[in-house]
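Report on the structure given below.
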Amino acid sequence: MDYFRYLDNRLHCEQVPLDQIAQQVGTPFYCYSQATLERHFDVFNNAFGTSDHLICYSVKANSALAILDLLARRGSGFDIVSGGELERVRRVGCPGNRVVFSGVGKTETEILAALEQRILMFNVESHSELLRINTLAGRLGVQAPIALRINPDVDPITHPYISTGLKRNKFGIPHTQAMEIYALAASLDHVQPIGLDCHIGSQLTTLDPFVDALKRVKQLVIALRRAGIPLRYLDLGGGLGIPYDAHSIPPHPERYAEALLQELDGLKITLILEPGRVIVGNAGILVARVEYVKEGEEKRFIITDAGMNDLIRPALYDAHHTILPVMRRFDREEILADVVGPICETGDFLARDRMLPTFHSGELLAVRSAGAYGFSMSSNYNSRPRAAEVMVSQDRFAVIRPRETIHQLMEQETLFA
């Protein structure tokens, strides 16, 4: 459930008409619903009930400080993958002991910063990373809490670009090497193995891959405890999908939690979850203005002021996003069209071969389910300023990130004399 709906045929975010925001802020802009963010976090968190668990929102999904602050105040921890994300969660007051650091390419600078912040644990992705963390922790005279990210070789049944748990993926340590590398970690002076991490991919719409991966790593936790390595945390990552369209309905968080907790019954371990998309995906939309409607020889093109630099998911993953008119009229004829942007790439599209209401120049349209990996993956390609971001709470809204200016794009550049 989200809080984007038509009231008097005007699309609203909570109680604010989107055309009113467009009039004041301009287009394109991302709009987030505070009520939706709060509801999604609470539903996910409450699904795990009184079990020993920690929700660590995946910052890469959407790293807006206003969103991080809202979730931190609701009790969320954070899953980070860079030094920049570490600084973001520090700025919203999240204590280090609610932060886990994932990612395959952690630099020395990032590891040292995380050690100084005393994060809960590093999710270690390779033998060489383990040795680097041990060396740097020794330099500071501390012990680094770590989990090994184990690759269970489970097919998540999702887009190959967001699959992370197969042998051919760059992520994690092979399941077959886990005991050996945990033994090495236990022998090192400046790391302390306290957990096990497993994340198999994103936008999963069935429970079977989660359960298959959990069964595999559960046996590993038991074997490690028998070997004298008493792990306290099991990080199962994120990956639960959202309904981008009517054809892919993922399990409800309650069913997801029930399946995991049933499999973990009796293990006595603190569960860490890293939801991202399922919290923020349907809490945000992208609003754009139609510049032109072009009648091609074979297709109609609805050309908007938002392009692949603003929302790259359709171009990158051929992702489906529902597109709605901000002002609804029931006398519109439906047409088959592509919704495209102004970028000089054939791959610059928001929708292809879609039956849509007839749009006219100057009208507003809304791209649904754009809260996750929308603004966070946006760029300045074609020297385009990034869009504004807006947060709505009931009947008021505020700009949480102003639209960039062309001046800002170039103010750090110099000529080569």
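Structure above, values below:
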{"read-out": "1 or more residues over 30 Å from Met391 (Cβ atoms) and in contact with a Leu (Cβ under 7 Å, 6 or more places away or on another chain): qualifying helices (runs of 4 or more DSSP H) within segment 183-298", "value": "208-226, 253-264"}
{"read-out": "Counted residues, segment 242-251 - those being surrounded by fewer than 20 Cβ atoms within 10 Å (Cβ to Cβ) and either touching a residue at least 12 places away in the same chain (Cβ under 8 Å) or touching a Ser or Thr at 6+ places or on another chain (Cβ under 8 Å) (or both)", "value": "5"}
{"read-out": "Residues of segment 25-46 satisfying the condition of being in contact (Cβ under 8 Å) with a residue 60 or more places away in the chain and within 17 Å of Asp235 (Cβ to Cβ)", "value": "Phe44"}
{"read-out": "Qualifying residue in segment 200-218 (condition: touching a strand residue (DSSP E or B) at 6+ places or on another chain (Cβ under 7 Å), modelled with pLDDT of 85 or more and over 24 Å from Phe41 (Cα atoms))", "value": "yes"}
{"read-out": "Those residues of segment 217-236 which are closer than 16 Å to His175 by Cα and surrounded by 16 or more Cβ atoms within 10 Å (Cβ to Cβ), in sequence order", "value": "Val217, Lys218, Leu220, Val221, Leu224, Leu234, Asp235, Leu236"}
{"read-out": "Segment 361-381 - residue that is within 12 Å of Val326 (Cα to Cα) and not hydrophobic (A, V, I, L, M, F, W, C) and, of those, surrounded by the most Cβ atoms within 10 Å (Cβ to Cβ)", "value": "Arg368"}
{"read-out": "Matching residues in segment 89-123 - criterion: being more than 19 Å from Gly141 (Cβ to Cβ), charged (D, E, K, R) and out of contact with any Gly (no Cβ under 9 Å at 6 or more places or on another chain)", "value": "Arg91"}
{"read-out": "Close pairs from segment 60-83: first on the phi > 0 side of the Ramachandran plot, partner surrounded by 24 or more Cβ atoms within 10 Å (Cβ to Cβ) and in a helix (DSSP H, G or I), Cβ under 6 Å, at least 6 apart", "value": "none"}
{"read-out": "Qualifying residue in segment 348-359 (condition: under 20 Å from the mean Cα position of the chain (by Cα), under 30 Å from Val278 (Cβ atoms) and part of a strand (DSSP E or B))", "value": "yes"}
{"read-out": "Residue in segment 1-24 that is nearest to Glu38 (Cα to Cα), counting only those that are in contact (Cβ under 8 Å) with a residue 12 or more places away in the chain and of a type in the set (D, E, K, R)", "value": "Asp2"}
{"read-out": "So Ala366, is it in contact (Cβ under 8 Å) with a residue 60 or more places away in the chain, aliphatic (A, V, I, L, M), closer than 16 Å to Ile285 by Cα and assigned to a loop (DSSP other than H, G, I, E, B)", "value": "no"}
{"read-out": "Condition broken by Pro385, with the remaining ones in (1) touching a residue at least 40 places away in the same chain (Cβ under 8 Å); (2) under 26 Å from Ala315 (Cβ atoms) satisfied", "value": "(1)"}
{"read-out": "Verdict on Leu336 being in contact with a strand residue (DSSP E or B) (Cβ under 7 Å, 6 or more places away or on another chain) and touching a residue at least 60 places away in the same chain (Cβ under 8 Å)", "value": "no"}
{"read-out": "Hey, Pro145 assigned by TED's automatic domain parsing to the domain that holds Ile272, at pLDDT 80 or above and within 30 Å of Ala319 (Cα to Cα) or not", "value": "no"}
{"read-out": "In segment 3-28, residue farthest from the chain's Cα centre (by Cα) [restricted to those that are among the polar types (S, T, N, Q) and within 14 Å of Asp395 (Cα to Cα)]", "value": "Gln20"}
{"read-out": "Segment 264-299, subset buried (at least 16 other Cβ atoms within 10 Å of the Cβ) and of a type in the set (Lys, Arg), residue nearest to Val211 (Cα to Cα)", "value": "Arg277"}
{"read-out": "Of all residues in segment 1-26 being surrounded by fewer than 17 Cβ atoms within 10 Å (Cβ to Cβ) and among the aliphatic types (A, V, I, L, M), the one that is nearest to Ala288 (Cα to Cα)", "value": "Leu7"}
{"read-out": "The lone exception for Thr304 - which of (1) among the polar types (S, T, N, Q); (2) buried (at least 20 other Cβ atoms within 10 Å of the Cβ); (3) in the same structural domain as Ser51 (by TED's automatic domain parsing) it fails", "value": "(3)"}
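Okay, residues lined up against (1) modelled with pLDDT of 95 or more; (2) of a type in the set (Val, Ile, Thr):
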position	(1), (2)
His247	no, no
Arg255	no, no
Glu274	yes, no
Val280	yes, yes
Val287	yes, yes
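The values are calculated or read from the model by the stated rules, or taken from the named source; none is laboratory data. In this text, all values refer to a predicted model and were calculated from it rather than measured experimentally. Neighbour counts run over all protein chains shown; Cβ positions are idealised from the backbone, glycine included.
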